Amino acid sequence: MSTTSQRIRTRRSEAVAVVKSNASLTVLYLQNNSIGSNGVQVLTEALKANSTLTTLDLQGNSIGDTEAQALAEALGINSTLNTLNLRHNSIGDAGAEALSEALKTNSTLTALYLDDNAIGDKGAQALSEALGINSTLNILDLRHNSIGDAGAEALSEALKTNLTLTALYLDDNAIGDKGAQALSEALKTNLTLTMLDLAGNSIGDNGAQALSQALKTNSALTNLDLSYSLIRHNGAHALSEALQTNSTLTNLYLWGNSIGNQGALALSEALKINSTLITLNLQSSSIDDNGILALAEALKTNWTLTTLSLANNSIGFEGILAMVLARNINSTLINLDLGSTSISGSTAVALSEAFKTNSTMTTLYLGTSSIGDNEAMALCEALKTNSSLTALDLNDNAIAENGAMALGEVLKTNSTLTTLFLQRNSIWFKGLLAFFEALKTNSTLVTLDLWNNLIPPKIIKAFSEALKSKSTLTTLDSTCSSIEDNGAEALGEALGTNSTLTTLNLAFNSIGGSGAQALADALKINSTLTTLDLQNNSAGDSGVQALSEALKINSTLTTLDLWGNSIGEIGAQALAEALMSNGTLTALFLQNNSIGDNGAQALSQALKTNSSLTTLDLWGNSIGDDGAQALSEALKRNSTLITLDLQQNSIGDNGARALSQALQINSTLTTLDLWRNSVTNKGAMALWEVSHICLASYRLD
């Protein structure tokens with residue numbers, strides 16, 4: 001045995017001993033690493049004796065059959081683990097068979113996630129045998145595998161006798177109508193399964209018809225997902241017949257099936273009778289106005305459906321008019337999704353007319369619906385009298401000056417709308433000015449999203465004046481709005497007197513040092529803002545120094561995002577000084593800056609005394625072992641930090657060992673992210689000695 005191997009084995013033994021005796025570790029996240037066979041062996045040895053771990057996440061670790069067999073052996077002994085996540089690995093039938101054997105004796109595991117592996121019919125058959133014996137598993141996730149009809153038939157046999165499984169996910173396998181027929185037979189007698197996901201299979205009309213027969217007698221299933229399952233109008237007709245007698249199904253997803261108008265008509269007949277379904281998703285279902293007319297007629301008598309998604313269908317004038325007129329009678333549907341539907345001209349007018357008298361609809365989704373100025377103006381006519389709508393989504397349309405000006409006029413008198421989304425439109429000078437003028441008198445709007453609408457300096461000043469007056473706005477998103485220093489200065493002036501805004505998102509703009517200085521001056525006075533997002537601007541060290549001075553005085557800000565602001569060690573030192581006295585900031589994001597080891601050392605000194613910060617993000621800051629060692633010393637004394645993100649730095653084994661030693665003392669940190677550093681198996685082994693930890697990347701290979 002080589003000297004290196006001896007050292008690794010000794011370190012592994014020490015790690016296993018610690019994990020075996022650890023009395024506080026309950027959750028361990030190791031997703032998206034390359035822990036390899038040696039790492040899995042270390043883990044399984046510890047699991048055999050560990051008596052506290054309840055959740056283990058190993059997704060994305062290139063785990064194959066050999067490693068799965070080792071884990072299975074540990075499951076046969078471990079008596080505390082209840083959730084095991086093995087998603088996105090390379091486990092095949094042999095690994096599934098080994099895990100199945102463990103499930104036959106294990107009495108604690110309640111959730112097993114095996115989606116996106118290489119499990120075929122043999123593996124499914126083995127798991128079905130385990131389900132015939134196991135009495136604790138509630139959730140089995142087998143999505144994105146290679147299970148065909150034979151595997152589905154085997155699982156079906158297990159469902160006939162199993163009394164504990166409540167959710168079975170088989171999305172995106174190779175199950176056809178025979179597999180669906182087998183599952184339907186199981187559903188006729190099964191009394192516990194509430195969720196069945198068969199989306200992305202080749203169920204077809206025959207499979208849908210079989211499942212429909214089961215739904216006529218089944219009294220447990222509440223969620224059925226058949227999206228993208230090659231179902232056409234005959235399958236939809238069968239499902240509609242089942243819905244007329246079924247009294248338990250609450251959510252039915254048929255998204256991406258070409259059921260057409262005939263299918264929509266059949267489902268409409270069911271909706272007139274059914275009294276339990278609350279969600280029906282018919283997105284991308286090849287339905288045009290004829291089908292929509294039938295659904296609208298059903299809504300006039302249905303009193304249980306609350307969410308109906310019709311996005312990406314071919315809905316025109318008659319369909320829109322019928323749907324909204326039906327909503328004027330229906331008093332239960334509160335969420336209607338008409339996104340990706342071409343709403344133009346007379347269609348928009350019809351929608352507007354219907355909404356003038358509607359008194360129940362609270363949320364309307366019209367994103368990506370080809371809405372321009374004329375259509376927006378028609379909708380505004382409805383908003384002048386509508387008394388129920390609280391959220392309107394107009395993202396990704398073609399609204400420009402005139403449409404925005406009309407919306408602004410409406411906001412002056414509308415008394416119900418609280419949320420307005422206008423991302424990625426073409427609103428410019430006059431339209432934005434109308435919005436901000438309306439805010440001076442509007443008394444209900446709390447969220448305004450203007451992401452990616454260019455806001456010139458003069459308009460920012462108008463908005464500043466609006467914020468100074470009596471405003472109800474609590475959240476403003478002006479991401480990607482070309483705001484420069486003079487705009488930030490105007491906003492800073494407004495924040496000095498505004499008493500309602502709690503969240504301000506100014507990410508991806510062009511705010512430099514003087515703009516940051518203006519915002520900092522406002523923070524010294526403002527007593528309501530809790531979140532300030534300045535990521536991807538150009539504040540630099542001078543701007544951050546100003547913000548740091550404000551943090552010494554401000555007592556309300558809890559989240560500050562300075563990701564990508566050209567901050568060096570000088571800026572980090574300023575922030576560190578602020579953290580020594582600030583008692584309210586809980587989250588500080590410094591991702592993609594250049595604070596280096598000196599900056600990390602300064603922040604470490606602050607962490608020794610700070611008692612409020614719970615999240616510190618230092619991703620991509622050129623921090624090496626010296627910086628990691630300084631942070632380690634801080635962790636030995638800090639008792640509040642929960643999340644420390646050190647991804648994409650230059651931390652090696654010495655830094656990893658230092659962090660490991662600190663975490664043997666620290667009892668509060670739950671997430672440590674070291675993805676894409678320079679930690680080898682030696683440093684990784686040392687990190688096994690920690691508790692309450694989430695390791696995002698290390699290598700044992």
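The values are calculated or read from the model by the stated rules, or taken from the named source; none is laboratory data. Here the structure is a predicted model, which means the values were calculated and not measured. As a convention, Cβ positions derive from the backbone with ideal geometry for all residues, glycine included, and neighbour counts pool all protein chains shown. In case anyone asks, the SASA skips ligands and DNA or RNA and just uses the protein heavy atoms, side chains included. Shrake-Rupley method; radii C 1.70, N 1.55, O 1.52, S 1.80 Å.
Descriptive notes on the structure:
- The convex hull of the Cα atoms of segment 530-631, projected and averaged over all directions, covers 5.1 nm².
- Unit Cα scatterers, Debye sum, segment 352-482: log10 I(q)/I(0) for q = 0.17, 0.18 Å⁻¹: -0.81, -0.92
- Mean Cβ count within 10 Å, highest first, over the residues of peptides 38-45, 168-175, 330-337: 168-175, 38-45, 330-337
- Take 292-304, 409-421 and order them by the average number of nearby Cβ atoms within 10 Å per residue, most first; the result is 292-304, 409-421.
- Distance histogram for segment 478-555 (every C-alpha pair counted, 5 angstrom bins, percent rounded to whole numbers): 4, 19, 30, 29, 16, 3
- Measuring nothing but how far apart in sequence close Cα pairs (under 8 Å, 6+ apart) lie, relative to its length, segment 42-139 scores a relative contact order of 28 percent.
- With the largest listed first and rounded to whole Å, the semi-axes of the equivalent ellipsoid of segment 470-520 from the Cα gyration tensor are 18, 13, 7.
- Taking a straight line from the alpha carbon of LYS440, these aspartates and glutamates sit under 19 Å away, with near neighbours fewer than eight places off in the same chain left out: GLU409, ASP449, GLU465, ASP477, GLU493.
- Per residue, the convex hull volume that the Cα atoms of segment 271-402 enclose (Å³): 85 Å³
- Segment 524-653, accessible area per residue, ligands and nucleic acids excluded (1.4 Å, Å²): 33 Å²
- Per-selection Rg to Rh, segment 95-240 - Cα, Kirkwood hydrodynamic radius: 0.95
- Working value for segment 203-304: equivalent-ellipsoid semi-axes of 18, 17, 11 Å, each the square root of 5 times a Cα gyration tensor eigenvalue, largest first.
- Only DSSP H runs of four or more residues enter the estimate; each adds -39500 (n - 2.57), and after division by the residues of the chain the mean residue ellipticity at 222 nm equals -13000 deg cm²/dmol.
- Net +/- balance of residues flanking HIS233 in space, Cβ distance below 15 Å, scoring K and R +1, D and E -1: -3
- Our summary gives the chain a relative contact order of 7 percent, counting only alpha carbon pairs under 8 angstrom and 6 or more residues apart.
- Whole-number percent relative contact order across segment 123-260, with pairs defined as alpha carbons under 8 Å at least 6 apart: 20 percent
- Element breakdown for the chain at a 1.4 angstrom probe: carbon and sulfur atoms account for 49% of the accessible area.
- Whole-Å distance, taken between Cα centres, linking segment 210-284 and segment 436-496: 46 Å
- Spatial separation of Cα centroids for segment 612-665 and segment 518-547, in angstrom: 25 Å
- Given LYS430/LYS461; LYS160/LYS216; LYS48/LYS636; LYS178/LYS272; LYS384/LYS412; LYS48/LYS682, the pairs whose alpha carbons are separated by over 20 Å: LYS48/LYS636; LYS178/LYS272; LYS48/LYS682
- Relative intensity of segment 580-691 on a log10 scale, I(q)/I(0) at q = 0.15, 0.16, 0.20 Å⁻¹, equals -0.54, -0.62, -1.00, per a Debye sum over C-alpha point scatterers of equal strength in the absence of solvent.
- Highest to lowest packing among 239-249, 305-315, scored as the average C-beta count within 10 Å: 305-315, 239-249
- Average 1/r across all pairs of distinct alpha carbons in segment 422-531, invert it, and you get the Kirkwood radius: 13.5 Å.
- Kyte-Doolittle mean at least 1.0, axial Cα span of 18 Å or more - DSSP H helices of the chain: 317-329
- Per residue solvent-accessible surface (Å²) - segment 266-330, probe of 1.4 Å: 33 Å²
- Per-bin percent of Cα-Cα distances, the chain [10 Å]: 3, 13, 17, 18, 22, 19, 8, 0, 0
- Accessible area of segment 56-169 divided out per residue, in Å², using a probe of 1.4 angstrom: 33 Å²
- For GLU129, neighbours were defined as the other residues whose beta-carbon sits under 15 Å from its Cβ, and their charges (Lys and Arg +1, Asp and Glu -1) total -3.
- Shape parameters for segment 338-393, alpha-carbon atoms, Rg then Dmax in Å: 10.3, 26
- Taking a Cβ cut-off of under 10 Å around ASP597, the surrounding Lys, Arg, Asp and Glu residues balance to a net charge of -3, with basic ones at +1 and acidic ones at -1.
- Total charge dipole magnitude, the chain, about the Cα centre, Cβ charges on Lys, Arg, Asp, Glu only, Debye to nearest 20: 1320 debye
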